[in-house]
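Heads up, the thing below is written out as structure tokens.
The values are calculated or read from the model by the stated rules, or taken from the named source; none is laboratory data. As the structure is a computational prediction, the values presented were derived from the model and not from experiment. Glycine also receives a Cβ, built like all others from the backbone with ideal geometry; neighbour counts cover every protein chain displayed.
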Amino acid sequence: MKKNFIVALLCFVLFAGAEVSAEDATQKVITKVEGLYCPFCSYGLETQVKKIKGFKSVQINIKEGTAEIEFKPGAKVSEKAILTAVEDAGFDLDGVKWLTGKQK
Amino acid sequence: MANWKTEMKNYFSFLLVVILFTACAHVPLKESAPPSSWGSQGSSPGQFNEPFAITVDASGKVYVADARNHRIQKFSGDGKFLTQWGGQGNEPGQFERPSGLAVDGEGNIFVSDYELDWIQKFTPEGKFLMQWGSSGKNAGQFNSPTGLAIDSRQNIFVTDTYNHRIQKFDLQGNFIKEWGQYKPVSVIKSFFNFLVSPGGENDLNYPTRIAVGVNDRLYVSDAYNNRVVAYSIEGEFLFQFGSIGILGGSFRVSSGIASDKKGNLYVADFYNHRVQMFTEDGSFLTQWGGKGQGTGQFDGPTDVAIGPQGQVYVVDWGNHRIQRFNIKRE
């Protein structure tokens, strides 16, 4: 009985862990940023976004006024952290859309 | 009511005439040779990944800050690759985002780093000599430095873009003074600046580039105020020109700026994809460019430099190339 319980517990932990990893491996968010016009400012946004814990990469599209940000697996990223980065770069955040792995 | 309408109609007619006159009143240019260009997107020598800044030394050698390739490339005046240095990192001689360039009287090259918030000094061959600066708001610190310029007394001026100020140093990096504060100029006042002064003499809104003109006058591209502000080398406001718009003499994000030996100014106009030429007092002379990939067209010019024979080099950021123009005014 005790042995079965330990096996079940291990399975649960492994299963739960696998689910989190799968979700975290694909964390990607696209942000719409107001006033994103030129590299003098888009480079500033990149600088601030890189400071978010768990940052992996960013693709900025000046013409669309968007930044697609990818985070490392396991990173706990909040929308507040993204908002802070955008505001520190001197912009207003128009919206956040989680493409994958939305955080709470 | 009818009189009021007539007055408004006359006013707007007058305004239209002024605007059309401003747009058309430019001095024609004569190109002494066709424009040439070099570079394409990539990381090989001679290629660029978002070239961002440019300077030319006294012998005509051209230095380009290749921002996303984290390096400086050196070329002959006609674009032949000579050497390169850098690489990604924060060790001496490395770059995260080289963003501004200037050359001193001995031919040494100064490079600002937008992400690392410091200035590095190199020999003309790329040997690291020294650096100064760190991230912050205090004197001598930076928050994304971009433009660099050196005056005849060998002082170096830095547009500290995200701190919305200009800082002045000697060539050993010793802080001398600073000026400027963040404040956007009213768009309406900017647009109607031929009627009412927009003010904001000490205000800056993301200053990007800086140039030293004749008589050591400083010109700062106040990018998001869509204007150029002239100062003495002591930081005293002299005058300003430009406004938001698409007509000659106005800007949509003023960026690179350079002065030729006669004092004429060349200002890159990022979102209008053109270069505009002004007198040293800020009177509009002419413009060229337009959005595109063809010769003489631009996709977001970010910097301008003048060669020893008056060649105008333009960083065509979005097209990942450098364009050279040989221009003579008629």
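Tell me, please, whether a residue that is touching a residue at least 40 places away in the same chain (Cβ under 8 Å) and within 14 Å of chain B (Cβ to nearest Cβ) can be found in the stretch A:57-76.
No.
Name the single residue, out of those in the stretch B:212-231 being among the small types (Gly, Ala, Ser) and out of contact with any helix residue (DSSP H, G or I) (no Cβ under 7 Å at 6 or more places or on another chain), that is nearest to B:ILE156 (Cα to Cα).
Restricting to residues being among the small types (Gly, Ala, Ser) and out of contact with any helix residue (DSSP H, G or I) (no Cβ under 7 Å at 6 or more places or on another chain), the top hit is B:GLY213.
What are the residues in the stretch A:30-50 that are basic (Lys, Arg) and either within 10 Å of chain B (Cβ to nearest Cβ) or buried (at least 18 other Cβ atoms within 10 Å of the Cβ) (or both), if any?
A:LYS50
Just to check your reading of the model, which residue among B:ASP113, B:ASP151 is within 12 Å of chain A (Cβ to nearest Cβ) and more than 15 Å from the chain's Cα centre (by Cα)?
The conditions single out B:ASP113.
Could you check the stretch B:116-139 and list, in sequence order, the residues that are surrounded by 18 or more Cβ atoms within 10 Å (Cβ to Cβ), without any contact (Cβ under 8 Å) to a residue 40 or more places away in the chain and outside any strand (DSSP E or B)?
Those that are surrounded by 18 or more Cβ atoms within 10 Å (Cβ to Cβ), without any contact (Cβ under 8 Å) to a residue 40 or more places away in the chain and outside any strand (DSSP E or B): B:LEU116, B:ASP117.
Filter the stretch B:288-316 for residues that are touching a residue at least 24 places away in the same chain (Cβ under 8 Å) and assigned to a loop (DSSP other than H, G, I, E, B) and give the result.
Selection gives B:GLN293, B:THR295, B:GLY296, B:GLN297, B:ASP299, B:GLY300, B:GLY307, B:PRO308, B:GLN309, B:GLY310, B:GLN311.
Working carefully through the options B:PHE169, B:PHE191, find the one that is within 24 Å of B:LEU129 (Cα to Cα) and touching a residue at least 12 places away in the same chain (Cβ under 8 Å).
B:PHE169
When you go through (1) more than 30 Å from B:ARG68 (Cβ to Cβ); (2) crowded, with 17+ Cβ neighbours inside 10 Å one by one for B:LYS183, which number turns out not to apply?
(2)
Kindly indicate the residue of the stretch B:166-204 that is out of contact with any helix residue (DSSP H, G or I) (no Cβ under 9 Å at 6 or more places or on another chain) and among the basic types (Lys, Arg) and also farthest from the other protein chains (Cβ to nearest Cβ) among those meeting that condition.
B:LYS177
Would you pick out the residues in the stretch B:84-101 that are surrounded by 14 or more Cβ atoms within 10 Å (Cβ to Cβ) and assigned to a strand (DSSP E or B)?
Once the filter is applied, which keeps residues that are surrounded by 14 or more Cβ atoms within 10 Å (Cβ to Cβ) and assigned to a strand (DSSP E or B), the stretch B:84-101 yields B:GLN84, B:TRP85, B:GLY86, B:PHE95, B:PRO98, B:SER99, B:GLY100, B:LEU101.
So, B:SER250, is that one surrounded by 22 or more Cβ atoms within 10 Å (Cβ to Cβ) and within 14 Å of chain A (Cβ to nearest Cβ) or not?
no
So, in the stretch B:205-228, how many residues would count as being in contact with a Gly (Cβ under 9 Å, 6 or more places away or on another chain) and either of a type in the set (D, E, K, R) or away from chain A (no Cβ under 14 Å) (or both)?
Of the residues in the stretch B:205-228, 11 are in contact with a Gly (Cβ under 9 Å, 6 or more places away or on another chain) and either of a type in the set (D, E, K, R) or away from chain A (no Cβ under 14 Å) (or both).
Within the stretch B:102-120, track down each residue that is among the β-branched types (Val, Ile, Thr), in contact with a Ser or Thr (Cβ under 6 Å, 6 or more places away or on another chain) and more than 10 Å from B:SER134 (Cα to Cα).
Passing the criteria: only B:VAL103.
Before we move on, is B:GLY147 modelled with pLDDT of 95 or more, in contact with a helix residue (DSSP H, G or I) (Cβ under 9 Å, 6 or more places away or on another chain) and either basic (Lys, Arg) or loosely packed, with under 14 Cβ neighbours inside 10 Å (or both)?
no
Every residue in the stretch A:40-71 that is in contact with a helix residue (DSSP H, G or I) (Cβ under 8 Å, 6 or more places away or on another chain) and of a type in the set (D, E, K, R), please.
Selection gives A:LYS51, A:LYS53.
Being of a type outside the set (Val, Ile, Thr), more than 19 Å from the chain's Cα centre (by Cα), farther than 22 Å from B:ILE257 by Cβ and away from chain A (no Cβ under 14 Å): is that true of B:GLY77 here?
no
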